[in-house]
Amino acid sequence: MIDPDSQIPMVDLKGQYLKIKPEIDNAIQSVIDSSSFINGLQVGEFATDLESYTGVRHVIPVANGTDALLIALMALKLQPGDEVIVPAFTYIASAEVVALLGLVPVMVDVDYDSFNVTAAHIQKAITPKTKAIIPVHLFGQSCPMEEILQLAEANDLFVIEDNAQSLGSVYSFSEGKEQQAGTMGHFGCTSFFPTKNLGCMGDGGALMTNDDDLAFRAKMIASHGQSKKYVHDVIGCNSRLDTIQAAILSVKLHHLNDYIEERQLVAKRYYEGLSDLNSILLPRKMPYTSHTFHQFTIKVTNGKRDELKKFLAAHGIPSMVYYPLPLQEQEAFTDIVREGEQLPNSELLCQQVLSLPIHTEMTEEVQNFIIEKIREYAEQRE
């Protein structure tokens, strides 16, 4: 029986920790015992582990996912005024780093069903000034990368995958080859923010690349532009993954496939419990990619998204709106963006989307309560 006065969490980080507490505690203690808090052995070990997991040639751990995107753009030697295409429906970091470097973020629309950008949307925005594309693998599944990569190659464009939300998602090419999201472009960038499917206990991020020269340059930029100690070849920054966070991530990486499977099971129960409601569209799983369900994001199509959100909150059920505004409508971008096309899908999604609780520790009892309340609300209004 669910306590009506209790608050259901969006993500249960404490419950996840308690399941693997001895492993995590031992990993943290090993760092404390070594006292190598910066650039300790565990940082390199985690990078090697993640290379093995993803199949990518190089992993460069950094301080957070935003830094990863920033360093990737710096490593590509883009010049002020160059245009970089980004989806309008995403978290601000994907476009923020573009503007920080004096580049021009060009907003394009996304596919209504998958939430992700497509080659067709990107194509409309390409100009002679376009130098790069940042496809964002949103909510747990990959963009249609085969077509995006073909378009990029035809137009001599760099591809930086923003894989902060879809680590572990597998993309299937038409000829049958499979590749992990984040390993297909010139760079892939990810975040280890605590609520991510692979999250640390603080902040963290990483770049991934199969290009030896780009990897060398990214490592150099992340360490003040140093090619060796106190020899600075380029302007860089200070972006390091702390040793304690690397040790924690190495432990959790070994559980990542289980975490993904547990989220997929929660998603399956949502599909089974909510699929017949007329006013709610459930997330569409695209045929070319697996889905890790970083979020389970529904669309409320009757114009009453905010009303449903308030109804759920009144029953102790949290929900989140990712995202309430398309990027081109954010005040921060007023004078520095170029809209690549009309953005009706992004604008509509911002009015309809609602992300439901989904995490590795969710019990069937709690989820049934959530489903029951959504059904109660929807059926009263249909």
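For the reader, a short list of remarks on this structure follows.
- Comparing F293, F89, A215 along the charge dipole axis of the chain, the residue lying farthest to the positive side is A215, per the Cβ-charge model.
- Orientation-averaged projection of the chain equals 19.6 nm² [convex hull of Cα atoms, one quarter of hull surface area].
- Choice from Y171, Y270, Y17 with maximal GNM fluctuation in the chain (Cα, 10 Å cutoff): Y17
- Counting every other Cβ atom within 10 Å of each residue's Cβ, V136, V170, V117 order from fewest to most as V170, V136, V117.
- Highest-fluctuation residue, K196, K268, K131 considered, GNM on the chain with Cα pairs under 10 Å: K268
- Burial ordering of C189, C350, C200, fewest other beta-carbon atoms within 10 Å first: C350, C200, C189
- Computed extension length for E178-S34: 47.9 nm, one decimal, from 0.36 nm per residue of separation with the Cα-Cα distance subtracted.
- Charge dipole (debye, nearest 20) of the range 80-227; +1 at Cβ of Lys and Arg, -1 at Cβ of Asp and Glu: 360
- Contour minus Cα-Cα distance for A154 and E307 (0.36 nm per residue): 50.5 nm
- In Å, descending, principal axis extents of the Cα set of the range 113-226: 39, 34, 26
- The GNM of the chain, with springs linking C-alpha atoms under 10 angstrom apart, assigns the highest mean-square fluctuation among I317, I336, I134 to I336.
- Mean residue ellipticity at 222 nm, helices only, the chain: -11500 deg cm²/dmol; runs of at least 4 DSSP H residues each add -39,500 (n - 2.57), and the sum is divided by the number of residues.
- Eligible lysines near K229 by straight Cα distance, threshold 18 Å, same-chain separation 8 or greater: K219
- Dipole size of the range 256-380 about its Cα centre, with +1 on Lys/Arg Cβ and -1 on Asp/Glu Cβ: approximately 200 debye, rounded to the nearest 20.
- D (Stokes-Einstein, µm²/s), Kirkwood Cα radius, the range 256-380, 1.306 mPa s at 10 °C: 100
- Cβ-based exposure ranking for V234, V337, in which fewest neighbours within 10 Å come first: V234, V337
- At R0 = 45 Å, FRET efficiency that the Cβ-Cβ distance of F216 and E272 yields, to 0.05: 0.35
- Inter-label distance for E261 and V321, nm, one decimal - labels placed 7 Å from Cα along Cα-to-Cβ: 3.8
- Set of the range 290-329 residues, backbone N closer than 17 Å to the point 7 Å along the Cα-Cβ line of E147: 290
- Cβ-placed point charges (K, R +1; D, E -1), dipole of the range 1-129 about Cα centre in debye, nearest 20: 420
- Positive-end ranking of M107, I260, S227 along the dipole of the chain, with charges on Cβ about the Cα centre, is headed by S227.
- Counting only DSSP beta bridges with both residues in the chain, the antiparallel share comes to about 60 percent.
Computed from the coordinates by the stated procedures, all read-outs in this text should not be read as laboratory data. Given the structure is predicted, the values throughout are model-derived calculations rather than measurements. Note that we place each Cβ from the backbone using ideal geometry, even for glycine, and neighbour counts take in every protein chain shown.
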